[in-house]
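The values are calculated or read from the model by the stated rules, or taken from the named source; none is laboratory data. None of the values given here were measured: they were computed from a predicted structure. Note that we place each Cβ from the backbone using ideal geometry, even for glycine, and neighbour counts take in every protein chain shown. Note: areas computed on protein heavy atoms with side chains; ligands, DNA, RNA excluded. Shrake-Rupley method; radii C 1.70, N 1.55, O 1.52, S 1.80 Å.
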Amino acid sequence: MTGVPHYSRLRKVVIDVPPEAHDEEVRFWQGAIGRPLLRLERHPEYHGALLPGEAFGLLVQQLEDGESRVHLDIHTDDLEAEVARLEGLGAARVRFVHDRWWVMRDPAGMMFCVLPDPPGSLDDTNAQRWD
């Protein structure tokens, strides 16, 4: 463990698809969950929605290259402490994206992301505290 108290939570499932499958995938998942997946203004390669209860979200990401896959997003109030904690469990940093979040690889080689949440947005009611 890092020794730095912080919070984190599993926040999103992200469906990664190549450009040629993107529009069909967005249509499919909109129908499957019964909610529109809106293009994110800041990152237009993503379409997303919060699921009922607004504690968990679904994103469809258009990849520049690579095969279709699914990955998970972990959100945290202390990015460096959470990344270090996950490295201690066997994860590895892959790349820092948009000067904001880490793409990581778990011990089995599966990709996931760790993203910062605004200070004060995570607490004992909606996240896991790590001491």
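Quick look at the numbers
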{"read-out": "Relative contact order (%) - criterion: Cα under 8 Å, at least six apart; region: the range 1-101", "value": "40"}
{"read-out": "Whole-number D in µm²/s for the range 1-112 (Stokes-Einstein; Kirkwood sum over Cα pairs; 37 °C, 0.692 mPa s)", "value": "217"}
{"read-out": "For the range 59-113, average projected area of the Cα convex hull in nm²", "value": "4.2"}
{"read-out": "Debye, to nearest 20: dipole size of the range 55-123, +1 on Lys, Arg Cβ, -1 on Asp, Glu Cβ", "value": "220"}
{"read-out": "Debye, to nearest 20: dipole size of the chain, +1 on Lys, Arg Cβ, -1 on Asp, Glu Cβ", "value": "160"}
{"read-out": "Relative contact order of the range 64-113, pairs being alpha-carbon contacts under 8 Å that are 6 or more residues apart, as %", "value": "33"}
{"read-out": "Among Ala84, Leu10, Gly53 - extreme Cα towards positive end, dipole of the chain, charges at beta-carbon", "value": "Gly53"}
{"read-out": "Rounded tilt (10° steps) of 19-33 against the dominant C-alpha axis of the chain", "value": "80"}
{"read-out": "Prolate/oblate/rounded label for the range 86-131 (Cα gyration tensor, a/c 1.5)", "value": "oblate"}
{"read-out": "Nearest 10 degrees, 0 to 90: helix 79-88 Cα axis against the chain principal axis", "value": "80"}
{"read-out": "Projected label distance in nm at Met110 and His43, using a 7 Å step from Cα toward the beta-carbon", "value": "1.9"}
{"read-out": "Theoretical ellipticity at 222 nm over the chain - DSSP helices of four or more residues, -39500 (n - 2.57) apiece, nearest 500", "value": "-6000 deg cm²/dmol"}
{"read-out": "Cβ-derived FRET efficiency at R0 25 Å, Arg27 paired with Arg93, nearest 0.05", "value": "0.15"}
{"read-out": "Carbon and sulfur %, accessible surface of the chain computed with the full protein complex present, 1.4 Å", "value": "53"}
{"read-out": "Loop-exposed trypsin sites (Lys or Arg not before Pro) per DSSP, neighbour cap 15 Cβ within 10 angstrom, longest uninterrupted part of the chain", "value": "43-99"}
{"read-out": "Given 14 as the ceiling on other Cβ atoms within 10 Å, longest exposed-site-free region of the chain for GluC sites (Glu not before Pro) in DSSP loops", "value": "68-131"}
{"read-out": "Residue-normalised accessible area of the range 14-108, given per residue in Å² at a 1.4 Å probe", "value": "59"}
